[in-house]
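One structure is given below, encoded as structure tokens.
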Amino acid sequence: MTSTNGEGLRVIRTLIADDQEAVRRGVRRILTAQPDIEVVGEAADGLAALELAAELRPDVALVDIRMPRMDGLELTRRLAGPGVAEPVRVVVLTTFDLDEYVYPALRHGASGFLLKRSGPSLLAEAVRAAADGESLISPSVTVRLLRHVTAPRRPERRRPGLVVPLTEREVEIAGHVAAGRTNADIAAELFISPGTVKTHVASIQRKLGVANRVGIAVHAWEMGWAGAR
């Protein structure tokens, strides 16, 4: 659970899961330099990370893809996937910019997908975004995702059974979410309050059965709603 420090500042409790000690050390150094982020634990493999997460209940877990005993995709599913009773927000942090990792990670409930070369500021931003229920994806990955979904849809994605009963306004907002816009951006675009946008986003998540905004974005990309106006 998110805590506060002696000055009343919110502190985001974070778990690092990576099989390379040097990477864990570097990530810890970056995060502990932030006044609002605390590293509460480290794990060198997926199974140890799962056990630590159950014990420590961090706000955010930074998860590598390739780890022994349990890989990052399975760990993400167990921490943040659909049906998890008390999900932990997961940011996947990896060297590998591959679709075979990106799409499963997002579908398993990841709140972000960052490349290890993204830099310190983006890493801290991703942790904060995840703690706030938002999402942050490496720009190069986002561009490729958007390019991918502008390609012709496969017929199975248009089956009536895949249509979710969102309202016209919810479809519009889902499209904005998929385009990476914040609640404030959407509110300004649609001339409504950020609180109203937040209510719509919560309704969309519930109807789609997804854990976060990334889940909304994935569905919107697949349905062709990205960039809706």
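Read-outs throughout are calculated quantities, based only on the coordinates presented, and are distinct from any laboratory measurement. Not measured: the values here are computed from a predicted model. Counting neighbours? That spans all protein chains shown, and the Cβs are built from the backbone with ideal geometry, glycine included.
Arrange the peptides 65-72, 189-196 so that the one whose residues have, on average, the most other Cβ atoms within 10 Å appears first.
65-72, 189-196
Give the long-range amide H neighbours of V39: residues separated by 5 or more places, or on another chain, with amide H under 5 Å away, using H modelled in the peptide plane at 1.01 Å from N.
T14
Relative contact order, percent, of segment 52-141 when contacts are C-alpha pairs under 8 Å separated by at least 6 residues? Could the numbers behind the result be given before it?
Details: 145 pairs, mean separation 23.4, N = 90.
Computed value for segment 52-141: 26 percent relative contact order.
Multiplying the sequence separation of T167 and D36 by 0.36 nm and subtracting their Cα-Cα distance, what value in nm do you get?
Roughly 43.4 nm would be gained on extension.
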